[in-house]
Amino acid sequence: MHRFIWILIPFIVFGAYIAGTMNLFPSIPFLTGSGTVSPSALTPSIFSQERAQQQSVPLSSSSINPTVVQAQQNGLGDDLDNRADSTGAAAGVLPSSSLSDVSLPEIFKKTENSVVQITSTPPGSNEVVILNGREIPQNNVALGSGFVYDHDGRIITNHHVVTDVKEVDVRFVDGDTFTAKVVGKDPYSDIGILQITDPEYFKKGVTPLEIANSSEIQVGEQIIAIGNPFGLSGTLTTGVISQIGRLLPNDVTGYSIANTIQTDAAINPGNSGGPLLNMKGEVVGMNTAIFSNTGVYSGVGFATPSNMLLKEIPVLIEKGSYTHPWLGFTAKDLSPDIAESLGLARNYKGAAVVSVVENSPADKAGIKGELVGESFGGGGTEVVRSGDIVTKIDGQPVKSMDDVISHLDENKKVGDKTILTLNREGKIVDIAVTLEERPSGSPQLIPASSQEEQELRKEQPEPNQPLFQWPKIPGFPELPKLFP
C-alpha cells in the first residue's frame, strides 16, 4: 500500500504543476498572434477566473491595461508601451489620444472645416488680347489653398497665391465664401496672411488648426496634406516625410527658403498654401512647391516648416512684412576634389566662399571670395587664389552653405552679430559680421572670375534640368518657378 502511495504522489504533483501553469497561456505571444484561436475559447473557465481576479484586485502601476493587451494581441504592444512611457503616463496606462492618432478619417473630419480654397484675380485679368487676329480673353484666376490660423478671421497661405492682389475669395468646405484682405506678405519665405472681417464668418465658429513644433518631426514619419488640387476642394493625400532641412531655391526673390520639409505626399497645382499635418492633425508645415518635369506630382514636394510660420506670422500681422538677416556672399560646397586641391584633408567640411556682394555685411567684415585670373606685377602672370572657407557659424559646424542659411533664418535677426570661423589659406580665423536687412532685387557681386570665363559662361546654354515649380492650375497664369 505504501509503495502504491509513493508511486501516485509524483503523478499528483506533476498534474498540479500542469494545472497551475495553464493560466499563463493567455500571455504567451505565439498563442495571441493573428490567425490563432483566442485563449478564452480554449480555456473559458480559466480565462474567466483570471478576469474575476483582476476585478477583485485594485489596479496598480503594474496592472495590465485592456487596451494595451488588445494591442499586444495585434503585435503592437511594445510600440504602445513606448508611447505611454514617452508621454509621462504611468506604466501600462495608455493616453486616450494615442490610438486615434493613426485614424485618417478622424483627422480629416477634425480639420476639413479649417482648410479653405483661395481664389485671386490679379489686375488686368479681364483684358482681351489680340493674337493672330483673334480676341483671347485673359481670365487669369489664381487658385490655391489655406488654413484658419486664429479666431480673429486670419487665414494663412502662400505669398505666390496672393501676389499682386489686395483681396481674395475664401471658400470653405461647406460652400460658404467670404472676401478676405491681404494683410501680410513675405515673398522670401512665401508666406501670406489674409483677414476676414465679415460678421457672418464669425457666426460659423471655425476652429483654428493647431500648429506643432516642426523641429520634432522625423524622416519616415507619416503626414497628411489637405488642399484643393486642380480645384477639387477638400482633398486629402498622405505620405511620409522624405527629408528635412532642405534648402529650396527661389528664382523669384533670388534667395532660398531654408529648412523646408520634403514629402512624397501628392502635392499638385492648387495645393499651395494648404496645411501639412502630422498624425495628430497638427500643422507641421505649409505646402509650397513641387519638383517636377511636368508641373504636377512626381513624388517630391516641399513645405515651409511650421516653426518658420510661428516665427514670422506675429510680425507679419503687426507690421505687414518681415525683414530677413543677410550676410551677402555666395558659396559652394567643399567637395573632396576641391579640398585636396587646396591641400586640405579629402573630407574637410565647409562652405567655400565664391563671390561677395559689394558693400554687404560680409564685404564690410573683410570676407574674401575666390579670385581667378588675378595679375601680379604687370607681368601678366595669372594665379588662382581660393576664397575663405566657412567652417563654423556661431560655433556650429558648417558642412555646406545650407547650414549657414538655416542658422541665420532660425536664430538671427537684423542687427545681430554672427561669428564666422574661416579657414583662410590654411589659417583659422574668427570674424564678427553685423547682419543687415536682405536687399530686394539682384545685388551686384564682386567679380570672382576672369572676363573670358564670364563670356564663356554666357555663350554656353543652360542644361535642360527639372524645375522647382509653384503648384498651379493648368491654363491659369504662369506662377513663379524655382530653379535648382
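Residues in the stretch 264-272: is at least one buried (at least 21 other Cβ atoms within 10 Å of the Cβ) and assigned to a strand (DSSP E or B)?
So far as the stretch 264-272 goes, no, none of its residues is buried (at least 21 other Cβ atoms within 10 Å of the Cβ) and assigned to a strand (DSSP E or B).
May I ask you to list the residues in the stretch 139-157 that are at pLDDT 95 or above and either among the hydrophobic types (A, V, I, L, M, F, W, C) or within 21 Å of Gly234 (Cβ to Cβ) (or both)?
Ser145, Gly146, Phe147, Val148, Tyr149, Gly153, Arg154, Ile155, Ile156, Thr157 - these are the residues of the stretch 139-157 that are at pLDDT 95 or above and either among the hydrophobic types (A, V, I, L, M, F, W, C) or within 21 Å of Gly234 (Cβ to Cβ) (or both).
Residue check, Gln195 against (1) within 18 Å of Asn287 (Cβ to Cβ); (2) in a strand (DSSP E or B); (3) not hydroxyl-bearing (Ser, Thr, Tyr), all met but one. Which one?
(1)
Select from the stretch 207-232 the residues that are surrounded by 18 or more Cβ atoms within 10 Å (Cβ to Cβ) and closer than 18 Å to Val116 by Cα and list them in ascending order.
Correct list: Leu209, Ile211, Ile224, Ala225, Ile226, Gly227, Asn228, Pro229.
Kindly provide the set of residues from the stretch 274-327 that are among the β-branched types (Val, Ile, Thr) and in contact with a Pro (Cβ under 6 Å, 6 or more places away or on another chain), ordered by number.
Answer for the stretch 274-327, where residues must be among the β-branched types (Val, Ile, Thr) and in contact with a Pro (Cβ under 6 Å, 6 or more places away or on another chain): Val283, Ile290.
Residues checked against (1) crowded, with 21+ Cβ neighbours inside 10 Å; (2) of a type outside the set (Asp, Glu); (3) at pLDDT 95 or above; (4) part of a loop (DSSP other than H, G, I, E, B):
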| site | (1), (2), (3), (4) |
| --- | --- |
| Met286 | yes, yes, yes, no |
| Ile290 | yes, yes, no, no |
| Thr294 | no, yes, no, yes |
| Tyr297 | no, yes, no, yes |
| Ala303 | yes, yes, yes, no |
| Leu316 | yes, yes, yes, no |
| Thr323 | no, yes, no, yes |
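Any residue that is in a loop (DSSP other than H, G, I, E, B) and under 22 Å from the mean Cα position of the chain (by Cα) - is there at least one of those in the stretch 326-347?
No, the conditions are met nowhere in the stretch 326-347.
Being farther than 13 Å from Leu327 by Cβ, surrounded by 18 or more Cβ atoms within 10 Å (Cβ to Cβ) and modelled with pLDDT of 90 or more is true for just one of Ile393, Ile367, Ile389. Which residue is that?
The conditions single out Ile389.
Answer yes or no as to whether Asp164 is in the same structural domain as Thr263 (by TED's automatic domain parsing), surrounded by fewer than 17 Cβ atoms within 10 Å (Cβ to Cβ), acidic (Asp, Glu) and in a strand (DSSP E or B).
no
The values are calculated or read from the model by the stated rules, or taken from the named source; none is laboratory data. In this text the structure is predicted, and so the values were computed from the model without any measurement. Note: ideal-geometry Cβ built from the backbone for every residue, glycine included; neighbour counts use all protein chains shown.
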